[in-house]
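The values are calculated or read from the model by the stated rules, or taken from the named source; none is laboratory data. Quantities reported herein were computed from a predicted structural model and do not represent experimental measurements. Neighbour counts are summed over all protein chains in view; Cβ atoms, including those assigned to glycine, are modelled from backbone coordinates with ideal geometry. Surface areas here come from the heavy atoms of the whole protein model, side chains and all, with no ligands, DNA or RNA. Shrake-Rupley method; radii C 1.70, N 1.55, O 1.52, S 1.80 Å.
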Amino acid sequence: MMISSNEVHLWYLFDEQISDPALLLRYHRLLNEEETKQQKRFFFKKHRHQYLVTRALMRCVLSFYVDEILPQEWQFYKNRYGKPYINDFLTKHPLQFNLSHTDKMAVMAVTFNNDIGVDVEYVHRRKNMVELAENYFSPIEVKHLRDLSEDYQRNRFFELWTLKEAYIKACGMGLSIPLNQFSYIFTGQGKISILFEPERNDQPEKWQFWHICPNQYHRVSVALKKDKINTSYFLSMRRIVPLVDIQTVDYPIMMDSALPA
């Protein structure tokens, strides 16, 4: 599968819709020994199931781009903060990817030679959102959230939460980056921008963001660190059942930070 230098591919998987025992057995055969042991450590069946299908997702999707490596042959590494990556020297393809999962859904982002982060959240499971925002978000974001009516606070909270998670995942440093060191600004007409505190030492023009609404239950955000500052990158989306089916989808992009035309 081809991917251009200014493109991001998003792969959506709905794990509860995958239940065929023969297919799940095929997924098991893709796992290495370490993954098999990890899968068995989960106490709840639904978590063992989700781990299995998301590992199959990751392995099968990467083989679409590097067909000389079979899904079961991939070797994964982690940086000091736990972010997984593949060895470019072995594949000769500078692919970057990131994976996120929540109740009922997993999402994988793939791009060419750019740091990438993706986050998906199930919007009906969190409570005390304003209190959580006060503990983690920047003062600008907390004020903006409090100024909204209660009906709009939930949506804005998950927009902010997923965008923040996507950024720190793209940086490859996770929660070692304080979430109050950067702020998202909603400028209207579906546009967003980011502001960094001086201690964060980052530049807004290096980043592009998207926020997607695939259904009424989930929100997805993507953060891309651009190697071409004056270029707008674009998304294409697919829904997948690994080893079985791929469908092109066009879920609504609710917000983005693309350069003006």
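Before moving on, here are some points about what is shown:
- The one condition in (1) surrounded by fewer than 18 Cβ atoms within 10 Å (Cβ to Cβ); (2) within 23 Å of the chain's Cα centre (by Cα); (3) of a type in the set (Lys, Arg) that ARG59 fails to fulfil: (1)
- Residue in region 228-238 that is open to solvent by less than 20 Å² (accessible area, probe 1.4 Å) and either touching an Asp or Glu at 6+ places or on another chain (Cβ under 6 Å) or within 30 Å of LEU24 (Cβ to Cβ) (or both) present: yes
- Lone unmet requirement of (1) in contact (Cβ under 8 Å) with a residue 60 or more places away in the chain; (2) surrounded by fewer than 18 Cβ atoms within 10 Å (Cβ to Cβ); (3) not β-branched (Val, Ile, Thr) for GLY188: (1)
- Residues that are aromatic (Phe, Trp, Tyr), at pLDDT 90 or above and touching a helix residue (DSSP H, G or I) at 6+ places or on another chain (Cβ under 6 Å) are absent from region 88-109.
- Evaluation of SER4 against (1) modelled with pLDDT of 95 or more; (2) open to solvent by 40 Å² or more (accessible area, probe 1.4 Å) (one fails), failing number: (1)
- Of the residues making up region 199-207, at least one is under 15 Å from ILE116 (Cα atoms), within 20 Å of the chain's Cα centre (by Cα) and open to solvent by less than 50 Å² (accessible area, probe 1.4 Å).
- Region 22-36 residues that are under 20 Å from TYR77 (Cα atoms), paired with ones that are open to solvent by 60 Å² or more (accessible area, probe 1.4 Å) (beta carbon under 6 Å, 6 or more apart): LEU30/GLN72
- Region 196-216, residues that are farther than 17 Å from TRP11 by Cα and either among the hydrophobic types (A, V, I, L, M, F, W, C) or assigned to a loop (DSSP other than H, G, I, E, B) (or both): PHE196, GLU197, ASN201, ASP202, GLN203, TRP207, GLN216
- Of the set (1) of a type in the set (Gly, Ala, Ser); (2) open to solvent by 40 Å² or more (accessible area, probe 1.4 Å); (3) part of a helix (DSSP H, G or I), all apply to SER193 but (3).
- Residue within region 145-167 that is basic (Lys, Arg) and at pLDDT 95 or above present: yes
- In the set (1) surrounded by fewer than 19 Cβ atoms within 10 Å (Cβ to Cβ); (2) in contact with a His (Cβ under 6 Å, 6 or more places away or on another chain), GLU159 fails one condition alone, (1).
- Residues in region 242-255 that are part of a strand (DSSP E or B) and crowded, with 19+ Cβ neighbours inside 10 Å: MET255 only.
- If you go through region 12-23 and pick out every residue that is open to solvent by 30 Å² or more (accessible area, probe 1.4 Å) and either part of a helix (DSSP H, G or I) or on the phi > 0 side of the Ramachandran plot (or both), you end up with 4.
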